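A.B. asks: Below are the structure tokens for one structure; questions will follow.
The values are calculated or read from the model by the stated rules, or taken from the named source; none is laboratory data. In this text the structure is predicted, and so the values were computed from the model without any measurement. We place every Cβ from the backbone using ideal geometry, glycine too, and count neighbours over all the protein chains shown.
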Amino acid sequence: MEGLDIKIKSPELADMENWINGNAQKINGLRGKLILLHFWNSTSAKSIRSVKFVKKIRAKYGKKNLVIIGIHEPEFDFAKDPKNIKYMIKKLGITYPIALDNDNKSAENFDNEYIPSMYLIDENGYVISTYFDDFTRSKIEIAIQKKLKSKIALEKQEKMEYMLDQSQDIYAGFAKNVMLGSGLRYDKKGCSAYVDSGYRIRDTLYPEGEWEQEKEYLELRKASGSIVYAFYAREANVVIEPLEKNVKMEIQIDDKKSKTVYVKDAEMYNVFKSKKYEEKEIKLIFNGNVRVYAFTFG
């Protein structure tokens, strides 16, 4: 979505208890500064790509009267824990202030429903440009250069044309998942385990083993267990929270072993990457108990 040329009075940031890499900030307290607000989260591929762009912008313009503030909008409960977000911020190499908007109050103030998104606010407190996208952000940088009277070379924009039938992000919990492809096996104890019949369609989750579907996630209660998912994309990632130390995850692509990853922290793990769109079937096999939240694609 293309950025908008606008000039409206900026809403104020909500009072947020947890700030990382700095003290609490307010828009009204930064008059005279050019401000870039970056709404993002740590569990989507689009957001992670946007973080890389914002880091480059800070390196280029951070000493030229530009202030950058990141607003973390958690998608899942585990991402509200400051300890988990501090880990991700360190891993991503973010050094500018990040506010944890765990109640989404700042997002509501800006009437913002798209993650990631950016708002450029001028020295008088007016929003002068917005952007809701994850890869082509030259419009924001052009607006920054215009305000700062800078002629530094613009960041090169990666050409990433999306296919209309690309797989969309899919959630594992019942709050946002209307159907699992596997059936349940019944015994004297009731519905004890999911069974994958082997017949699969694209963009449907197929768990195998003793999984329990909760509001936000599928939880593997007794290892081992697996999940199969057929998709069409260049990149596939899965959001996982380990319930034990160093859970081994074997990744199979089209029934062939791809690699083994050890799930140590609650975060997004890349499980497939290609330079071109491909239709693939991925199987994740876990040797320990985990919670699987979502698959996210690029």
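A.B. asks: In the list G298, G288, G225, which residue meets the criterion of being closer than 26 Å to D81 by Cβ, in contact with a Gly (Cβ under 7 Å, 6 or more places away or on another chain) and surrounded by 16 or more Cβ atoms within 10 Å (Cβ to Cβ)?
C.D. replies: Only one candidate qualifies: G225.
For every residue, the table says whether it meets (1) at pLDDT 95 or above; (2) crowded, with 18+ Cβ neighbours inside 10 Å.
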residue: I89; (1), (2): yes, yes
residue: P97; (1), (2): yes, no
residue: S138; (1), (2): no, no
residue: I152; (1), (2): no, no
residue: E155; (1), (2): no, no
residue: M160; (1), (2): no, no
residue: Q166; (1), (2): no, no
residue: G173; (1), (2): yes, yes
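A.B. asks: Right, L36: under 24 Å from the mean Cα position of the chain (by Cα) and either among the acidic types (D, E) or crowded, with 17+ Cβ neighbours inside 10 Å (or both) or not?
C.D. replies: Answer is yes for this residue.
A.B. asks: Here is a list: Y277, Y262, Y293. Which entry is assigned to a strand (DSSP E or B) and without any contact (Cβ under 8 Å) to a residue 24 or more places away in the chain?
C.D. replies: Sole residue among the options that is assigned to a strand (DSSP E or B) and without any contact (Cβ under 8 Å) to a residue 24 or more places away in the chain: Y262.
A.B. asks: Please identify the pairs in which a residue from segment 146-174 that is outside the structural domain of F272 (by TED's automatic domain parsing) has its Cβ atom under 8 Å from the Cβ atom of a residue that is among the hydrophobic types (A, V, I, L, M, F, W, C) and modelled with pLDDT under 80, counting only partners at least 6 apart or on another chain.
C.D. replies: Correct list of pairs: Q157/F135; E158/F135; M160/F135.
A.B. asks: Pairs please, first residue from segment 62-87 and closer than 22 Å to V292 by Cβ and modelled with pLDDT of 95 or more, second anywhere and of a type in the set (G, A, S) and surrounded by fewer than 21 Cβ atoms within 10 Å (Cβ to Cβ), Cβ atoms under 8 Å, 6+ apart in sequence or on different chains.
C.D. replies: E73/A107
A.B. asks: I need the full set of residues from segment 6-59 which are within 30 Å of I170 (Cα to Cα) and among the hydroxyl-bearing types (S, T, Y), in order please.
C.D. replies: S42, T43, S44, S47, S50
A.B. asks: Still on this structure: Among the candidates E108, E123, E75, single out the residue that is acidic (D, E) and not in a loop (DSSP other than H, G, I, E, B).
C.D. replies: That would be E108, the only listed residue that is acidic (D, E) and not in a loop (DSSP other than H, G, I, E, B).
A.B. asks: Okay, next question. So which residues in segment 234-246 are touching a Leu at 6+ places or on another chain (Cβ under 9 Å) and either more than 22 Å from S44 (Cα to Cα) or part of a strand (DSSP E or B) (or both)?
C.D. replies: Hits for segment 234-246 are V238, I240.
A.B. asks: Just one of (1) within 24 Å of D111 (Cβ to Cβ); (2) crowded, with 19+ Cβ neighbours inside 10 Å trips up R31, so point out which.
C.D. replies: Condition (2) is where R31 drops out.
A.B. asks: Of all residues in segment 198-233, which are in a strand (DSSP E or B) and of a type in the set (G, A, S)?
C.D. replies: Scanning segment 198-233 gives G209, A223, S224, G225, S226, A230, A233.
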